[in-house]
Each structure stands twice: as C-alpha cells, then as structure tokens.
Amino acid sequence: MLVLSRKKAERIFLANGKIKIMVLDIRGDSVRIGIDAPKDIDVHREEVFDLIQKEGSNKQQKED
C-alpha cells in the first residue's frame, strides 16, 4: 500500500492523470475528497463496492 500525505486542495493523479483525487476539506477526523474519473470507470465507497460484489456473487451462484 502506498501512503501519501496531502493537505487541503492538494491532488493525487492516477492512471497517467486520467483519475484525479483532491482533498476538499479536513474537519477533525473526517476528510472530504473529490474524485474526477472518466465515465467508464466506476467509483464506489467500500461498503457499496462490497454490496455489488456480494450481489454479483449471489447472481453467479444462482446461474450455476
């Protein structure tokens, strides 16, 4: 895992600049980030991603 420190308004670039992550605000232990990515790249919070994976797994099991 790569760990980076960023201050408010600083950005991180991924995939040759196709994905940009910016620290928007820091309040206590909460950090607001903005993600700018192409429309063909899905961006999900962890809990949403986990649900999608679980539903996909359940769907695959039903098909088998």
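The values are calculated or read from the model by the stated rules, or taken from the named source; none is laboratory data. This is a predicted model, so every value here is computed, not measured. Virtual Cβ from ideal backbone geometry, glycine too; neighbours counted across all protein chains shown. Areas reflect the complete protein model, heavy atoms only, side chains present, ligands, DNA and RNA absent. Shrake-Rupley method; radii C 1.70, N 1.55, O 1.52, S 1.80 Å.
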Rounded to whole Hz, the Karplus (6.51, -1.76, 1.60) HN-Hα couplings of the stretch 39-56, x for glycine and proline: 4, 7, 10, 6, 10, 9, 5, 3, 5, 6, 4, 4, 5, 4, 4, 5, 5, x
Accessible area per residue, Å², the chain with all protein chains present, probe 1.4 Å: 95
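Which translational diffusion coefficient, to the nearest whole µm²/s, is obtained for the chain from the Stokes-Einstein equation, given a Kirkwood hydrodynamic radius over C-alpha pairs, 20 °C and 1.002 mPa s? Before the final figure, lay out each step's value.
Details: Rh = 14.3 Å.
D = 150 µm²/s.
At a threshold of 8 angstrom on Cα-Cα distance, excluding pairs fewer than six apart, so keeping six or more, what relative contact order does the chain reach in percent? Don't jump to the answer; show the numbers that get you there.
Details: 52 pairs, mean separation 12.3, N = 64.
Relative contact order for the chain comes out at 19 percent.
If you count, for each residue, the other Cβ atoms within 10 Å and average over each peptide, how do 3-15, 19-31 line up from highest to lowest?
Numbers: 3-15: 9.9, 19-31: 11.5.
Highest to lowest by the protection proxy: 19-31, 3-15.
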Ala37-Asn58 FRET efficiency (beta carbon distance; Förster radius 30 Å; 0.05 resolution): 0.65
Backbone HN-Hα couplings from phi across the stretch 10-16 [Karplus 6.51/-1.76/1.60, Hz, Gly and Pro as x]: 8, 10, 10, 10, 10, 6, 6
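Report the number of Lys pairs in the chain whose alpha-carbons are under 19 Å apart, with separation of 8 or more residues or on distinct chains.
On the way: Lys7/Lys20; Lys8/Lys20; Lys18/Lys39; Lys20/Lys39; Lys54/Lys62.
Eligible lysine pairs with Cα atoms under 19 Å apart amount to 5.
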